[in-house]
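Worksheet for the structure shown next.
The values are calculated or read from the model by the stated rules, or taken from the named source; none is laboratory data. Note that this is a predicted model, so its numbers are computed, not measured. So basically every Cβ, Gly included, is an ideal-geometry build from the backbone, and we count neighbours across all protein chains shown.
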Amino acid sequence: MNGFWDFLGSYWWLVFPLGAAFGGWAKGLRRWDDRRRRDKIEMYRLRYGDRPGAVQAEESLTSEIDRTVAVHEETVRRWLDYELDAVKILEYPLMTDMREQVMVDFHRARRDAEALRPDDLAELRDRQRLERYRTAVLDLQTRFDVAEAEARRRRASDLTDAERRAVDRAKKLLAIADDPAASSAERQSAYRRATKELEGVIALPDAATDAIEQRIAGAIERGD
């Protein structure tokens, strides 16, 4: 080791050019390492794609599909709240009146949205299909909002005084028909009288009458 320092002492003037050479070599090594790292990143991107961006795009697409389907299902649920509730229909008869243009428009939009919703929701990952479906769903939502607002504005104002009285009697009878505390005979009698009151006034949806009849039938089977 002493020989090494003796050597440097004799040839001290070599330290500076050798230091410069080693410094240049170190800088070159760092540049090569940086270039190699950039090349690896670029090769990874070309081979696997821009993963963070691709994942984010896929997650965004999934969220958009979920939101669109949720709006579709919620709008249908709101409509069924009327279809399955006879008393609610008597409050807002426009919601089942196919003579009303707003209801014609709603049901047309409902059919269009249902036709564009695939059985396999993965098919909506096609952007064009999703956009067509989303447009139809938003139209459906708007049509329902318009129809519901008009129904709530008008309520039973289109009925004559005699028809409104008939509807009021029918509401009371339907309440008895749907009352678990009433006997099965009372419920059946009330239901028949209610439908009689509504003849020529308001046509209840089949879904609403079926629901009441099933509940009455269940009471009979249980022996209530």
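Summary table below
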| read-out | value |
| --- | --- |
| Close pairs (8 angstrom Cβ cut-off, 6 or more residues apart or separate chains): in the same structural domain as Glu197 (by TED's automatic domain parsing) in the stretch 175-186, hydroxyl-bearing (Ser, Thr, Tyr) anywhere | Ala177/Tyr191 |
| Residue that is outside the structural domain of Asp112 (by TED's automatic domain parsing), more than 20 Å from Glu100 (Cα to Cα) and basic (Lys, Arg), where the choices are Arg164, Arg169, Arg134, Arg127 | Arg169 |
| Matching option when the condition is in the same structural domain as Trp79 (by TED's automatic domain parsing), exposed (fewer than 14 other Cβ atoms within 10 Å of the Cβ) and under 22 Å from Arg77 (Cβ atoms), among Ala113, Ala149 | Ala149 |
| Residue under evaluation Pro118, criteria (1) over 30 Å from Leu204 (Cβ atoms); (2) surrounded by 14 or more Cβ atoms within 10 Å (Cβ to Cβ); (3) at pLDDT 95 or above, criterion not met | (2) |
| Qualifying residue in the stretch 60-81 (condition: out of contact with any Lys or Arg (no Cβ under 6 Å at 6 or more places or on another chain), more than 24 Å from Arg127 (Cα to Cα) and free of Cβ contacts under 8 Å to residues at least 40 places away in the same chain) | yes |
| The listed residue being modelled with pLDDT under 95 and either surrounded by 14 or more Cβ atoms within 10 Å (Cβ to Cβ) or farther than 19 Å from Ala149 by Cα (or both), out of Thr96, Thr75 | Thr96 |
